[in-house]
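What follows is a set of notes on a single structure, which appears directly below.
The values are calculated or read from the model by the stated rules, or taken from the named source; none is laboratory data. Everything quoted here is computed from the prediction, not taken from an experiment. Backbone-built Cβ (ideal geometry, glycine too); neighbour counts: all protein chains shown. Surface accessibility is based on the protein's heavy atoms, side chains included, excluding ligands, DNA and RNA. Shrake-Rupley method; radii C 1.70, N 1.55, O 1.52, S 1.80 Å.
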Amino acid sequence: SLSLTTMHFHPSTTRHSLYAPLFRHFSDSAVATVSAAAKLPKLPYLSKIPSKYRPRAIQEAQQALTDYLHTTRSLPFTFADYITKNSLFSLSQLVAKVHFSPSTFSNSFQRFLRYHPINEFQFFYESIGINRDEISVYLPRKKFFLCDDSRVLDVACELSSFGFPWIWLGKLYREEISIFSENPTELSKKLNGFKDYGFSSVAIIGICLVFPYVLGGDPELGGEISLLFDDLRTVFIDFDLMSCVEGNVNAWIEVCRKIRIFYDMGCRKGKAGELMGRRKFIFIQYPEEVLVKKMEFFNRLSVNKSEIGPLLLERPEILDFDLENPVISVLGLLKHFGMSTRELQSIAQEYPYVLGRNKMANLPHVMRALDLEEWFFNKIRNGNHHLLGTYVIGNPKEDLDKDYNGNLEVIQSSKTRIHTLRKLNFLHSIGYGENSITVRILGHSHGTSTELQERFNCLLRNGIQFSKLCKMIRFSPKILNQNSEILEQKMKFLCGYIGSPLEYLDDFPAYLCFDLEKRVKPRYKFHTWLTQMGLCAKSYSIASMVATSEKNFIARVYGIHPAAPKQWLECFYNLSHPSDQAK
(Lines give C-alpha, C1' and ligand atoms only; values in the text may rest on other atoms or scores of the structure.)
Protein backbone atom coordinates (compact mmCIF):
# COMPACT_ATOMS: atom_id res chain seq x y z
CA SER A 1 0.00 0.00 0.00
CA LEU A 2 1.12 3.53 -0.70
CA SER A 3 1.74 5.55 2.43
CA LEU A 4 0.44 9.10 2.33
CA THR A 5 2.73 10.38 5.06
CA THR A 6 4.95 12.03 2.48
CA MET A 7 2.08 13.70 0.57
CA HIS A 8 1.92 17.15 2.11
CA PHE A 9 -0.43 20.03 1.49
CA HIS A 10 1.75 22.94 0.44
CA PRO A 11 0.23 26.19 1.65
CA SER A 12 -0.23 28.87 -0.96
CA THR A 13 1.02 32.41 -0.65
CA THR A 14 -2.01 33.16 1.55
CA ARG A 15 -0.69 33.21 5.11
CA HIS A 16 -2.92 30.74 6.93
CA SER A 17 -0.75 30.93 10.04
CA LEU A 18 -1.86 34.52 10.53
CA TYR A 19 -5.55 33.57 10.47
CA ALA A 20 -7.36 33.64 13.76
CA PRO A 21 -11.05 32.95 14.27
CA LEU A 22 -13.02 36.18 14.61
CA PHE A 23 -16.33 34.71 15.71
CA ARG A 24 -16.75 36.82 18.82
CA HIS A 25 -19.53 38.79 17.10
CA PHE A 26 -21.71 35.77 16.49
CA SER A 27 -24.15 33.94 18.69
CA ASP A 28 -22.93 30.55 19.87
CA SER A 29 -25.51 28.77 17.72
CA ALA A 30 -24.19 30.41 14.59
CA VAL A 31 -20.69 29.00 14.92
CA ALA A 32 -21.18 25.93 17.04
CA THR A 33 -19.37 22.91 15.73
CA VAL A 34 -20.53 19.42 16.47
CA SER A 35 -19.06 18.00 19.61
CA ALA A 36 -18.57 14.27 19.75
CA ALA A 37 -19.89 14.25 23.26
CA ALA A 38 -23.11 15.88 22.13
CA LYS A 39 -26.05 13.87 20.91
CA LEU A 40 -25.26 12.63 17.44
CA PRO A 41 -27.68 13.07 14.55
CA LYS A 42 -28.91 9.90 12.93
CA LEU A 43 -25.94 8.65 10.93
CA PRO A 44 -26.80 5.91 8.41
CA TYR A 45 -23.37 4.26 8.30
CA LEU A 46 -22.75 3.33 11.94
CA SER A 47 -25.19 0.45 12.37
CA LYS A 48 -22.37 -2.03 13.04
CA ILE A 49 -21.10 -0.01 16.01
CA PRO A 50 -23.06 -0.44 19.27
CA SER A 51 -24.95 2.75 19.98
CA LYS A 52 -23.20 3.35 23.30
CA TYR A 53 -19.83 3.46 21.52
CA ARG A 54 -20.82 5.66 18.60
CA PRO A 55 -20.08 9.06 20.23
CA ARG A 56 -16.69 7.72 21.30
CA ALA A 57 -15.96 6.36 17.83
CA ILE A 58 -16.84 9.69 16.24
CA GLN A 59 -14.76 11.60 18.76
CA GLU A 60 -11.71 9.45 18.19
CA ALA A 61 -12.20 9.62 14.42
CA GLN A 62 -12.48 13.42 14.60
CA GLN A 63 -9.28 13.68 16.59
CA ALA A 64 -7.47 11.40 14.15
CA LEU A 65 -8.77 13.19 11.07
CA THR A 66 -7.94 16.62 12.47
CA ASP A 67 -4.42 15.44 13.24
CA TYR A 68 -4.13 13.90 9.76
CA LEU A 69 -5.29 17.07 7.98
CA HIS A 70 -3.06 19.27 10.14
CA THR A 71 0.09 17.16 10.49
CA THR A 72 0.10 15.06 7.34
CA ARG A 73 -1.75 17.34 4.94
CA SER A 74 -0.36 20.61 6.41
CA LEU A 75 -3.68 22.40 6.88
CA PRO A 76 -3.71 25.02 9.64
CA PHE A 77 -5.07 23.37 12.77
CA THR A 78 -8.05 25.76 13.13
CA PHE A 79 -9.36 24.99 9.67
CA ALA A 80 -8.57 21.30 9.87
CA ASP A 81 -10.68 21.26 13.03
CA TYR A 82 -13.54 23.16 11.33
CA ILE A 83 -13.58 20.67 8.47
CA THR A 84 -13.52 17.65 10.77
CA LYS A 85 -16.11 18.84 13.27
CA ASN A 86 -18.60 19.87 10.58
CA SER A 87 -18.49 16.85 8.26
CA LEU A 88 -20.16 14.18 10.34
CA PHE A 89 -21.78 12.29 7.49
CA SER A 90 -18.60 12.03 5.46
CA LEU A 91 -16.74 11.05 8.60
CA SER A 92 -19.29 8.36 9.48
CA GLN A 93 -18.83 6.86 5.99
CA LEU A 94 -15.14 6.65 6.72
CA VAL A 95 -15.66 5.19 10.19
CA ALA A 96 -17.88 2.46 8.73
CA LYS A 97 -14.91 1.20 6.66
CA VAL A 98 -12.81 0.49 9.74
CA HIS A 99 -13.42 -2.51 11.99
CA PHE A 100 -14.58 -1.24 15.37
CA SER A 101 -13.15 -2.46 18.63
CA PRO A 102 -13.29 -0.20 21.69
CA SER A 103 -9.68 -0.89 22.56
CA THR A 104 -8.11 -0.60 19.09
CA PHE A 105 -10.36 1.67 17.02
CA SER A 106 -8.33 4.86 17.44
CA ASN A 107 -5.12 3.25 16.20
CA SER A 108 -6.95 1.36 13.47
CA PHE A 109 -8.52 4.56 12.17
CA GLN A 110 -5.19 6.39 12.16
CA ARG A 111 -3.64 3.50 10.23
CA PHE A 112 -6.53 3.57 7.77
CA LEU A 113 -5.93 7.27 7.04
CA ARG A 114 -2.23 6.63 6.39
CA TYR A 115 -2.88 4.10 3.64
CA HIS A 116 -6.24 5.13 2.16
CA PRO A 117 -6.58 8.54 0.52
CA ILE A 118 -9.78 10.42 1.32
CA ASN A 119 -11.58 12.90 -0.88
CA GLU A 120 -10.81 16.05 1.07
CA PHE A 121 -13.19 18.10 -1.06
CA GLN A 122 -16.12 15.97 0.12
CA PHE A 123 -15.30 16.74 3.75
CA PHE A 124 -14.66 20.39 2.98
CA TYR A 125 -17.96 20.93 1.15
CA GLU A 126 -19.98 19.27 3.87
CA SER A 127 -18.17 21.29 6.52
CA ILE A 128 -19.08 24.64 4.94
CA GLY A 129 -22.77 23.74 4.97
CA ILE A 130 -23.48 22.23 1.55
CA ASN A 131 -26.16 19.56 1.81
CA ARG A 132 -24.63 16.10 1.56
CA ASP A 133 -27.07 15.23 -1.25
CA GLU A 134 -25.68 18.12 -3.32
CA ILE A 135 -21.97 17.57 -2.69
CA SER A 136 -21.44 15.28 -5.68
CA VAL A 137 -22.47 18.15 -7.97
CA TYR A 138 -19.57 20.26 -6.73
CA LEU A 139 -16.82 17.65 -6.43
CA PRO A 140 -14.03 18.41 -8.93
CA ARG A 141 -13.14 15.62 -11.35
CA LYS A 142 -9.89 13.75 -10.74
CA LYS A 143 -9.06 15.82 -7.68
CA PHE A 144 -8.89 14.35 -4.19
CA PHE A 145 -6.70 16.70 -2.24
CA LEU A 146 -7.36 20.34 -1.39
CA CYS A 147 -3.83 21.14 -2.54
CA ASP A 148 -4.98 20.24 -6.06
CA ASP A 149 -7.16 23.36 -6.03
CA SER A 150 -5.81 25.42 -3.17
CA ARG A 151 -7.72 28.55 -4.18
CA VAL A 152 -10.98 27.15 -2.79
CA LEU A 153 -9.49 26.57 0.65
CA ASP A 154 -7.54 29.83 0.56
CA VAL A 155 -10.74 31.80 -0.05
CA ALA A 156 -12.60 29.91 2.67
CA CYS A 157 -9.81 30.66 5.12
CA GLU A 158 -9.76 34.34 4.12
CA LEU A 159 -13.51 34.62 4.64
CA SER A 160 -13.24 32.81 7.96
CA SER A 161 -10.45 35.11 9.11
CA PHE A 162 -12.66 38.10 8.33
CA GLY A 163 -15.34 36.61 10.58
CA PHE A 164 -17.66 34.59 8.34
CA PRO A 165 -18.92 31.50 10.19
CA TRP A 166 -17.30 28.48 8.55
CA ILE A 167 -20.53 26.52 8.34
CA TRP A 168 -22.22 29.37 6.40
CA LEU A 169 -19.63 29.57 3.64
CA GLY A 170 -21.62 26.99 1.67
CA LYS A 171 -24.34 29.59 1.15
CA LEU A 172 -21.83 31.81 -0.61
CA TYR A 173 -20.51 28.85 -2.60
CA ARG A 174 -23.95 27.79 -3.83
CA GLU A 175 -25.19 31.27 -4.70
CA GLU A 176 -21.98 32.84 -6.04
CA ILE A 177 -19.40 30.15 -6.78
CA SER A 178 -17.12 32.67 -8.49
CA ILE A 179 -16.16 33.98 -5.04
CA PHE A 180 -14.07 30.87 -4.50
CA SER A 181 -12.02 31.60 -7.61
CA GLU A 182 -11.04 35.04 -6.36
CA ASN A 183 -7.54 35.97 -5.30
CA PRO A 184 -7.70 35.86 -1.47
CA THR A 185 -5.67 39.05 -1.14
CA GLU A 186 -7.98 40.91 -3.54
CA LEU A 187 -10.99 39.48 -1.71
CA SER A 188 -9.61 40.82 1.57
CA LYS A 189 -9.19 44.27 0.00
CA LYS A 190 -12.76 44.13 -1.30
CA LEU A 191 -14.16 43.21 2.13
CA ASN A 192 -12.19 45.91 3.90
CA GLY A 193 -13.15 48.38 1.17
CA PHE A 194 -16.80 47.99 2.14
CA LYS A 195 -15.87 49.48 5.50
CA ASP A 196 -15.40 52.81 3.72
CA TYR A 197 -19.20 53.00 3.52
CA GLY A 198 -19.27 53.09 7.33
CA PHE A 199 -20.09 49.44 8.03
CA SER A 200 -18.52 47.19 10.64
CA SER A 201 -17.18 43.71 9.87
CA VAL A 202 -20.32 42.17 11.30
CA ALA A 203 -22.53 44.32 9.10
CA ILE A 204 -20.45 43.49 6.01
CA ILE A 205 -20.74 39.77 6.73
CA GLY A 206 -24.52 40.04 7.04
CA ILE A 207 -24.74 42.06 3.81
CA CYS A 208 -22.53 39.62 1.89
CA LEU A 209 -24.47 36.57 3.05
CA VAL A 210 -27.70 38.12 1.74
CA PHE A 211 -26.17 39.69 -1.39
CA PRO A 212 -23.36 37.24 -2.27
CA TYR A 213 -22.79 38.77 -5.70
CA VAL A 214 -21.00 41.72 -4.05
CA LEU A 215 -18.05 39.38 -3.51
CA GLY A 216 -18.16 37.82 -6.99
CA GLY A 217 -15.69 38.55 -9.72
CA ASP A 218 -18.04 39.95 -12.36
CA PRO A 219 -16.66 43.42 -13.24
CA GLU A 220 -19.96 44.36 -14.92
CA LEU A 221 -21.66 44.36 -11.52
CA GLY A 222 -19.34 46.99 -10.08
CA GLY A 223 -21.85 49.78 -10.66
CA GLU A 224 -24.74 47.81 -9.21
CA ILE A 225 -22.68 46.93 -6.13
CA SER A 226 -21.89 50.61 -5.56
CA LEU A 227 -25.57 51.52 -5.90
CA LEU A 228 -26.50 48.79 -3.41
CA PHE A 229 -24.04 50.04 -0.82
CA ASP A 230 -25.15 53.63 -1.40
CA ASP A 231 -28.70 52.54 -0.60
CA LEU A 232 -27.62 50.55 2.44
CA ARG A 233 -25.56 53.47 3.75
CA THR A 234 -28.60 55.73 3.32
CA VAL A 235 -30.88 53.30 5.16
CA PHE A 236 -28.58 52.16 7.95
CA ILE A 237 -26.43 55.24 8.55
CA ASP A 238 -28.21 58.33 7.24
CA PHE A 239 -31.59 57.18 8.59
CA ASP A 240 -29.93 55.37 11.53
CA LEU A 241 -31.50 51.95 11.04
CA MET A 242 -28.16 50.65 12.31
CA SER A 243 -29.06 51.69 15.85
CA CYS A 244 -32.02 49.32 15.72
CA VAL A 245 -29.98 46.30 14.62
CA GLU A 246 -28.36 44.14 17.27
CA GLY A 247 -24.63 43.70 17.05
CA ASN A 248 -24.64 40.17 15.67
CA VAL A 249 -24.73 38.79 12.17
CA ASN A 250 -28.11 37.12 12.59
CA ALA A 251 -29.81 40.49 13.09
CA TRP A 252 -28.05 41.98 10.07
CA ILE A 253 -29.06 39.02 7.93
CA GLU A 254 -32.68 39.36 9.06
CA VAL A 255 -32.91 43.04 8.09
CA CYS A 256 -30.95 42.63 4.85
CA ARG A 257 -33.19 39.74 3.78
CA LYS A 258 -36.18 42.03 4.14
CA ILE A 259 -34.46 44.70 2.08
CA ARG A 260 -33.62 42.14 -0.59
CA ILE A 261 -37.30 41.20 -0.87
CA PHE A 262 -38.08 44.74 -1.98
CA TYR A 263 -35.28 44.70 -4.54
CA ASP A 264 -36.52 41.36 -5.85
CA MET A 265 -39.98 42.90 -6.27
CA GLY A 266 -39.01 45.95 -8.27
CA CYS A 267 -37.23 48.52 -6.10
CA ARG A 268 -34.27 49.92 -8.03
CA LYS A 269 -30.84 49.97 -6.47
CA GLY A 270 -29.58 53.49 -6.07
CA LYS A 271 -33.13 54.89 -6.14
CA ALA A 272 -34.84 53.18 -3.22
CA GLY A 273 -32.51 54.05 -0.35
CA GLU A 274 -34.24 57.22 0.80
CA LEU A 275 -37.74 55.74 0.67
CA MET A 276 -36.52 52.64 2.51
CA GLY A 277 -34.95 54.91 5.10
CA ARG A 278 -38.17 56.87 5.61
CA ARG A 279 -39.98 53.53 5.94
CA LYS A 280 -37.35 51.91 8.13
CA PHE A 281 -40.03 50.80 10.59
CA ILE A 282 -41.06 48.22 7.99
CA PHE A 283 -37.76 46.41 8.45
CA ILE A 284 -38.06 46.52 12.23
CA GLN A 285 -41.73 45.82 12.89
CA TYR A 286 -42.77 43.32 10.23
CA PRO A 287 -41.51 39.74 10.06
CA GLU A 288 -40.13 38.57 6.74
CA GLU A 289 -43.07 36.17 6.40
CA VAL A 290 -45.55 39.05 6.46
CA LEU A 291 -43.66 40.93 3.76
CA VAL A 292 -43.43 37.83 1.58
CA LYS A 293 -47.14 37.06 1.89
CA LYS A 294 -48.15 40.60 0.97
CA MET A 295 -45.78 40.54 -2.00
CA GLU A 296 -47.17 37.18 -3.10
CA PHE A 297 -50.74 38.49 -2.87
CA PHE A 298 -50.06 41.21 -5.42
CA ASN A 299 -47.73 39.02 -7.46
CA ARG A 300 -50.65 36.61 -8.03
CA LEU A 301 -52.32 39.44 -9.96
CA SER A 302 -49.61 38.85 -12.58
CA VAL A 303 -49.06 42.58 -12.89
CA ASN A 304 -45.67 44.12 -13.54
CA LYS A 305 -43.49 42.66 -10.81
CA SER A 306 -41.36 45.79 -10.66
CA GLU A 307 -44.29 47.78 -9.26
CA ILE A 308 -45.07 45.62 -6.23
CA GLY A 309 -42.10 46.50 -4.01
CA PRO A 310 -42.46 50.26 -4.53
CA LEU A 311 -46.20 50.00 -3.86
CA LEU A 312 -45.68 48.51 -0.40
CA LEU A 313 -42.98 51.03 0.43
CA GLU A 314 -45.25 53.89 -0.61
CA ARG A 315 -48.39 52.39 0.97
CA PRO A 316 -47.08 50.57 4.07
CA GLU A 317 -50.60 50.52 5.60
CA ILE A 318 -51.29 47.55 3.32
CA LEU A 319 -48.97 45.46 5.49
CA ASP A 320 -51.55 45.67 8.29
CA PHE A 321 -54.46 44.47 6.12
CA ASP A 322 -55.71 40.92 6.51
CA LEU A 323 -55.47 39.67 2.95
CA GLU A 324 -56.00 36.03 3.82
CA ASN A 325 -59.07 35.27 5.91
CA PRO A 326 -61.95 37.70 5.26
CA VAL A 327 -64.85 36.42 3.17
CA ILE A 328 -65.76 38.59 0.21
CA SER A 329 -68.76 39.00 -2.05
CA VAL A 330 -67.33 39.42 -5.54
CA LEU A 331 -69.96 41.88 -6.74
CA GLY A 332 -69.99 43.61 -3.36
CA LEU A 333 -66.23 44.17 -3.45
CA LEU A 334 -66.32 45.44 -7.04
CA LYS A 335 -69.02 47.90 -6.03
CA HIS A 336 -66.91 48.91 -3.03
CA PHE A 337 -64.08 49.74 -5.45
CA GLY A 338 -66.34 52.00 -7.48
CA MET A 339 -67.77 49.83 -10.25
CA SER A 340 -71.07 51.11 -11.62
CA THR A 341 -74.35 49.19 -11.64
CA ARG A 342 -74.19 48.77 -15.43
CA GLU A 343 -70.64 47.44 -15.21
CA LEU A 344 -71.67 45.01 -12.47
CA GLN A 345 -74.52 43.72 -14.61
CA SER A 346 -72.13 43.16 -17.49
CA ILE A 347 -69.75 41.27 -15.21
CA ALA A 348 -72.58 39.09 -13.88
CA GLN A 349 -73.69 38.22 -17.40
CA GLU A 350 -70.25 37.37 -18.79
CA TYR A 351 -68.66 35.73 -15.73
CA PRO A 352 -71.45 34.03 -13.72
CA TYR A 353 -69.03 31.32 -12.54
CA VAL A 354 -67.00 33.92 -10.62
CA LEU A 355 -69.97 35.33 -8.70
CA GLY A 356 -70.87 34.55 -5.12
CA ARG A 357 -68.57 34.47 -2.16
CA ASN A 358 -64.87 33.68 -1.97
CA LYS A 359 -61.92 34.26 0.32
CA MET A 360 -59.86 37.42 0.29
CA ALA A 361 -56.76 35.25 -0.31
CA ASN A 362 -58.24 34.25 -3.68
CA LEU A 363 -59.01 37.82 -4.73
CA PRO A 364 -56.00 38.18 -7.09
CA HIS A 365 -57.14 35.18 -9.13
CA VAL A 366 -60.77 36.36 -8.96
CA MET A 367 -59.60 39.56 -10.63
CA ARG A 368 -57.62 37.63 -13.22
CA ALA A 369 -60.63 35.38 -13.92
CA LEU A 370 -62.61 38.59 -14.57
CA ASP A 371 -59.75 40.04 -16.64
CA LEU A 372 -59.68 42.97 -14.19
CA GLU A 373 -56.23 42.55 -12.65
CA GLU A 374 -54.84 45.75 -14.20
CA TRP A 375 -57.95 47.72 -13.25
CA PHE A 376 -57.76 46.48 -9.67
CA PHE A 377 -54.02 47.08 -9.28
CA ASN A 378 -54.34 50.59 -10.69
CA LYS A 379 -57.04 51.30 -8.10
CA ILE A 380 -54.68 50.17 -5.33
CA ARG A 381 -51.68 52.02 -6.74
CA ASN A 382 -53.56 55.26 -7.30
CA GLY A 383 -54.55 55.80 -3.68
CA ASN A 384 -57.53 53.49 -3.20
CA HIS A 385 -55.55 50.88 -1.26
CA HIS A 386 -57.52 51.73 1.88
CA LEU A 387 -60.56 50.09 0.27
CA LEU A 388 -58.86 46.72 0.79
CA GLY A 389 -58.74 47.35 4.50
CA THR A 390 -62.23 48.78 4.90
CA TYR A 391 -64.21 46.24 2.89
CA VAL A 392 -66.67 44.03 4.79
CA ILE A 393 -69.65 42.02 3.60
CA GLY A 394 -72.77 44.18 3.96
CA ASN A 395 -74.99 41.63 5.69
CA PRO A 396 -74.78 37.93 6.62
CA LYS A 397 -76.97 36.86 3.70
CA GLU A 398 -75.24 38.89 1.02
CA ASP A 399 -74.41 36.79 -2.05
CA LEU A 400 -75.27 33.47 -0.40
CA ASP A 401 -76.07 30.74 -2.93
CA LYS A 402 -78.55 28.23 -1.46
CA ASP A 403 -77.79 25.57 -4.08
CA TYR A 404 -74.08 25.86 -3.38
CA ASN A 405 -74.56 25.59 0.39
CA GLY A 406 -76.85 22.60 -0.03
CA ASN A 407 -74.27 20.80 -2.15
CA LEU A 408 -71.55 21.77 0.32
CA GLU A 409 -73.46 20.04 3.12
CA VAL A 410 -73.68 16.90 1.00
CA ILE A 411 -69.93 17.00 0.32
CA GLN A 412 -69.10 17.49 3.98
CA SER A 413 -71.09 14.41 4.96
CA SER A 414 -69.62 12.19 2.21
CA LYS A 415 -66.85 9.63 2.63
CA THR A 416 -64.61 11.51 0.21
CA ARG A 417 -65.16 14.94 1.76
CA ILE A 418 -61.46 15.77 2.24
CA HIS A 419 -60.56 14.89 -1.34
CA THR A 420 -63.62 16.69 -2.74
CA LEU A 421 -63.20 19.80 -0.57
CA ARG A 422 -59.61 20.14 -1.73
CA LYS A 423 -60.76 20.08 -5.35
CA LEU A 424 -63.44 22.62 -4.48
CA ASN A 425 -60.84 24.84 -2.85
CA PHE A 426 -58.75 24.58 -6.01
CA LEU A 427 -61.67 25.90 -8.07
CA HIS A 428 -62.15 28.77 -5.62
CA SER A 429 -58.40 29.50 -5.77
CA ILE A 430 -58.54 30.07 -9.55
CA GLY A 431 -61.45 32.48 -9.20
CA TYR A 432 -64.59 30.35 -9.21
CA GLY A 433 -67.10 31.61 -6.63
CA GLU A 434 -69.55 29.86 -4.34
CA ASN A 435 -72.22 29.15 -6.93
CA SER A 436 -73.99 26.27 -8.66
CA ILE A 437 -71.75 26.45 -11.76
CA THR A 438 -68.71 25.74 -9.60
CA VAL A 439 -70.45 22.71 -8.11
CA ARG A 440 -71.28 21.40 -11.58
CA ILE A 441 -67.69 21.78 -12.73
CA LEU A 442 -66.51 20.05 -9.56
CA GLY A 443 -68.56 16.99 -10.52
CA HIS A 444 -66.72 16.75 -13.86
CA SER A 445 -63.22 17.32 -12.47
CA HIS A 446 -61.25 14.13 -11.92
CA GLY A 447 -57.93 13.88 -10.14
CA THR A 448 -56.47 15.34 -6.97
CA SER A 449 -56.37 19.05 -6.30
CA THR A 450 -52.61 18.96 -6.92
CA GLU A 451 -53.08 17.29 -10.30
CA LEU A 452 -55.77 19.77 -11.29
CA GLN A 453 -53.48 22.66 -10.35
CA GLU A 454 -50.60 21.19 -12.36
CA ARG A 455 -52.81 20.83 -15.46
CA PHE A 456 -54.15 24.35 -15.03
CA ASN A 457 -50.61 25.71 -14.72
CA CYS A 458 -49.57 23.73 -17.80
CA LEU A 459 -52.24 25.42 -19.90
CA LEU A 460 -51.17 28.83 -18.58
CA ARG A 461 -47.52 28.11 -19.36
CA ASN A 462 -48.45 27.28 -22.91
CA GLY A 463 -49.93 30.71 -23.47
CA ILE A 464 -53.64 30.54 -22.63
CA GLN A 465 -54.79 33.69 -20.86
CA PHE A 466 -56.02 33.17 -17.30
CA SER A 467 -59.50 34.61 -17.79
CA LYS A 468 -59.98 32.71 -21.06
CA LEU A 469 -58.86 29.47 -19.45
CA CYS A 470 -61.40 29.87 -16.64
CA LYS A 471 -64.09 30.43 -19.25
CA MET A 472 -62.94 27.38 -21.22
CA ILE A 473 -63.19 25.23 -18.10
CA ARG A 474 -66.72 26.43 -17.55
CA PHE A 475 -67.80 25.06 -20.93
CA SER A 476 -65.44 22.05 -21.07
CA PRO A 477 -64.48 21.11 -17.50
CA LYS A 478 -63.04 17.77 -18.66
CA ILE A 479 -60.06 19.71 -20.01
CA LEU A 480 -58.49 19.33 -16.59
CA ASN A 481 -58.93 15.54 -16.54
CA GLN A 482 -55.86 14.94 -18.73
CA ASN A 483 -52.24 14.96 -17.70
CA SER A 484 -50.00 17.86 -18.65
CA GLU A 485 -48.00 15.93 -21.25
CA ILE A 486 -51.14 15.06 -23.22
CA LEU A 487 -52.40 18.63 -23.07
CA GLU A 488 -49.08 19.94 -24.39
CA GLN A 489 -49.10 17.42 -27.26
CA LYS A 490 -52.60 18.51 -28.28
CA MET A 491 -51.68 22.19 -28.24
CA LYS A 492 -48.49 21.48 -30.17
CA PHE A 493 -50.46 19.62 -32.84
CA LEU A 494 -53.07 22.39 -33.02
CA CYS A 495 -50.59 25.23 -33.39
CA GLY A 496 -47.56 23.52 -34.90
CA TYR A 497 -49.03 20.95 -37.27
CA ILE A 498 -52.47 22.31 -38.12
CA GLY A 499 -51.27 25.92 -37.92
CA SER A 500 -54.22 27.29 -35.95
CA PRO A 501 -53.68 30.04 -33.39
CA LEU A 502 -54.07 29.16 -29.73
CA GLU A 503 -57.05 31.53 -29.62
CA TYR A 504 -59.02 28.91 -31.56
CA LEU A 505 -59.53 27.20 -28.20
CA ASP A 506 -61.65 30.18 -27.10
CA ASP A 507 -64.34 28.99 -29.50
CA PHE A 508 -63.69 25.26 -29.32
CA PRO A 509 -62.18 24.38 -25.92
CA ALA A 510 -63.52 20.82 -26.27
CA TYR A 511 -60.71 20.17 -28.75
CA LEU A 512 -58.52 19.43 -25.74
CA CYS A 513 -60.91 16.71 -24.60
CA PHE A 514 -60.68 14.52 -27.72
CA ASP A 515 -58.16 11.73 -28.10
CA LEU A 516 -55.22 13.04 -30.12
CA GLU A 517 -54.03 9.76 -31.67
CA LYS A 518 -57.39 8.09 -32.23
CA ARG A 519 -59.56 11.06 -33.15
CA VAL A 520 -57.86 14.34 -33.92
CA LYS A 521 -54.85 13.25 -35.97
CA PRO A 522 -56.52 10.61 -38.21
CA ARG A 523 -59.54 12.79 -39.02
CA TYR A 524 -57.46 15.88 -39.76
CA LYS A 525 -55.00 13.91 -41.90
CA PHE A 526 -57.87 12.25 -43.78
CA HIS A 527 -59.46 15.61 -44.57
CA THR A 528 -56.06 16.86 -45.70
CA TRP A 529 -55.75 13.83 -48.00
CA LEU A 530 -59.21 14.41 -49.45
CA THR A 531 -58.29 18.02 -50.20
CA GLN A 532 -54.95 17.07 -51.77
CA MET A 533 -56.68 14.49 -53.98
CA GLY A 534 -59.11 17.12 -55.18
CA LEU A 535 -62.09 15.23 -53.76
CA CYS A 536 -63.14 17.90 -51.26
CA ALA A 537 -63.30 21.58 -52.12
CA LYS A 538 -65.09 22.60 -48.92
CA SER A 539 -62.98 23.72 -45.96
CA TYR A 540 -64.11 22.16 -42.70
CA SER A 541 -63.35 23.61 -39.29
CA ILE A 542 -61.41 21.56 -36.76
CA ALA A 543 -64.54 21.41 -34.63
CA SER A 544 -66.59 19.91 -37.46
CA MET A 545 -63.83 17.38 -38.16
CA VAL A 546 -63.37 16.31 -34.56
CA ALA A 547 -66.67 16.78 -32.75
CA THR A 548 -68.84 14.89 -35.27
CA SER A 549 -69.88 11.41 -34.18
CA GLU A 550 -68.37 8.46 -36.06
CA LYS A 551 -71.69 7.66 -37.75
CA ASN A 552 -72.18 11.22 -38.99
CA PHE A 553 -68.52 11.46 -39.97
CA ILE A 554 -68.84 8.35 -42.20
CA ALA A 555 -72.04 9.76 -43.72
CA ARG A 556 -70.30 13.03 -44.48
CA VAL A 557 -67.29 11.48 -46.19
CA TYR A 558 -69.61 9.19 -48.18
CA GLY A 559 -71.31 12.34 -49.46
CA ILE A 560 -67.92 13.60 -50.54
CA HIS A 561 -67.18 10.38 -52.47
CA PRO A 562 -68.75 6.89 -52.24
CA ALA A 563 -65.32 5.26 -51.93
CA ALA A 564 -64.12 7.64 -49.22
CA PRO A 565 -65.43 5.62 -46.21
CA LYS A 566 -63.44 2.56 -47.36
CA GLN A 567 -60.30 4.65 -47.67
CA TRP A 568 -60.94 6.15 -44.22
CA LEU A 569 -61.44 2.81 -42.54
CA GLU A 570 -58.53 1.03 -44.18
CA CYS A 571 -55.88 3.72 -44.35
CA PHE A 572 -56.64 6.08 -41.49
CA TYR A 573 -59.07 4.72 -38.91
CA ASN A 574 -57.58 1.23 -38.58
CA LEU A 575 -54.05 2.61 -38.26
CA SER A 576 -55.16 4.56 -35.22
CA HIS A 577 -57.32 1.75 -33.81
CA PRO A 578 -55.15 -1.38 -34.10
CA SER A 579 -57.09 -3.16 -31.33
CA ASP A 580 -60.34 -2.73 -33.27
CA GLN A 581 -58.69 -4.16 -36.37
CA ALA A 582 -57.50 -7.21 -34.43
CA LYS A 583 -61.04 -7.97 -33.42
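The table below gives the values:
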| quantity | calculated |
| --- | --- |
| Candidate aspartates and glutamates for bridging to LYS97, where Cα separation is under 17 Å - those fewer than 8 sequence places away on the same chain excluded | GLU60, GLU120 |
| Prolate/oblate/rounded label for the range 396-460 (Cα gyration tensor, a/c 1.5) | oblate |
| Answer label for volume of the Cα convex hull per residue in Å³ (calculated), chosen among [x] 255; [y] 188; [z] 269 | [z] |
| Subset of LYS293/LYS397; LYS468/LYS521; LYS518/LYS551 violating a 20 Å alpha-carbon distance limit | LYS293/LYS397; LYS468/LYS521 |
| Ranked by how many other beta carbons lie within 10 Å on average, peptides 169-181, 381-393 from highest | 169-181, 381-393 |
| Solvent exposure, largest accessible area first (probe 1.4 Å, DNA, RNA and ligands not counted), of TRP166, TRP375 | TRP375, TRP166 |
| Restraint check, LYS379/LYS423; LYS269/LYS305; LYS305/LYS335; LYS85/LYS189, Cα-Cα greater than 25 Å | LYS379/LYS423; LYS305/LYS335; LYS85/LYS189 |
| Burial ranking of peptide ranges 47-60, 81-94, 549-562 (average Cβ count within 10 Å, highest at the top) | 81-94, 47-60, 549-562 |
| Surface share of carbon and sulfur [accessible, 1.4 angstrom probe, percent] for the chain | 50 |
| Estimated dipole of the chain in Debye, rounded to 20 [Cβ of Lys and Arg +1, of Asp and Glu -1, Cα centre] | 1760 |
| Average accessible area per residue (Å²) across the chain - probe 1.4 Å, nucleic acids and ligands excluded | 49 |
| Value of [θ]222 nm, deg cm²/dmol, for the chain, DSSP H segments ≥ 4, -39500 (n - 2.57) each, nearest 500 | -14500 deg cm²/dmol |
